[in-house]
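Step one of this worksheet: look at the structure below.
Every number here is computed from the coordinates shown, using simple stated rules; none is lab data. If you're wondering where the values come from, they're calculated on a predicted model, not measured in any experiment. Note that we place each Cβ from the backbone using ideal geometry, even for glycine, and neighbour counts take in every protein chain shown.
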Amino acid sequence: MKPYCILVMICAMLLTASCEKELDFEYHDIDPLTVIEAELTPEGAKVGITYTTPMNEPMDLTRLTDAVVTLTDLTDGIAYSLHPNEEGFFVDPTPGIAGHDYRLSVERAGCRYEADATMYAPTEIESLEFNWIKMPYDYVAVFQGRFLDNTAIQGECYWIKLYRNGEIYQWGEMDDRSAVDGISTFFTMTTRKDTDEEDDDTVLFDGDVITCTVSPISHAMHDYLEALQNDSSGPAMFSGDKCLGYFLATSPVSASVVFHPDELPEYK
């Protein structure tokens with residue numbers, strides 16, 4: 001892609017996958033609700049259960065472990081019991097299988113919550129790179145990622161996460177409407193060249209490692225993440241008693257790139 005086209009796309013979209021900080025479950029003036037954050041991957045299942053935190057109070061990330069958590073492979077008819085680990089997550093090492101349907105059931109304090117999800121197969125990251133783009137106030141390092149998109153399926157959705165030296169840096173959701181010839185591309189602005197004018201949340205230094213994780217997700221999960229970025233609790237993903245959160249079954253893929261500012265091309 002020509003540098004000018006990259007700049008035009010950045011200025012027009014400023015980013016295809018709009019990136020924000022890690023999920024932050026703070027809500028306005030409501031009684032605490034149960035929050036279930038559940039993921040099934042080829043590494044197994046991991047479920048965190050917490051309460052929402054009022055906006056005027058510090059975040060309380062205490063995990064609740066007095067629950068019965070069951071994961072059922074609806075395709076094979078096999079059920080697994082998850083048990084809390086030392087961090088308070090309910091876990092099971094049984095790998096998720098792409099194409100299988102799963103149901104997560106959580107029982108706690110007389111309430112029951114259920115959610116279904118289909119396990120998605122992995123994509124493939126083609127490339128990651130940084131480029132300096134001239135903005136009115138400074139040069140900004142724009143991060144670009146490219147990954148494979150199945151042209152036989154329309155409407156595929158993805159959750160993009162960026163980690164800086166192992167810690168969450170940005171995240172965002174996107175779909176395949178911008179895919180060209182089976183390649184989806186996303187952009188995001190990162191650090192300014194003048195790091196003295198940058199804050200700690202976005203600054204990158206020479207040698208920082210940026211790891212990109214791409215997870216195929218459902219339309220419902222895409223809409224849920226999009227709602228969170230618009231200060232909404234998102235559509236309900238669980239049936240039964242009222243709760244917040246999500247159940248995601250996916251096969252994440254990751255790749256990393258080292259940030260070397262002196263080696264980046266400059267596009268005006």
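Laid out as a table, the results:
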quantity: Strands (runs of 3 or more DSSP E) fully within the stretch 147-251 counting 1 or more residues that are among the β-branched types (Val, Ile, Thr); calculated: 157-164, 167-175, 183-192, 209-217
quantity: Ser239 being touching a helix residue (DSSP H, G or I) at 6+ places or on another chain (Cβ under 9 Å) and either under 26 Å from Glu107 (Cβ atoms) or of a type outside the set (Phe, Trp, Tyr) (or both); calculated: no
quantity: Condition met for Val180 (surrounded by 13 or more Cβ atoms within 10 Å (Cβ to Cβ), farther than 23 Å from Tyr224 by Cβ and out of contact with any Leu (no Cβ under 9 Å at 6 or more places or on another chain)); calculated: no
quantity: Tyr113 within 19 Å of Ser239 (Cα to Cα), among the aromatic types (Phe, Trp, Tyr) and touching a Gly at 6+ places or on another chain (Cβ under 6 Å); calculated: yes
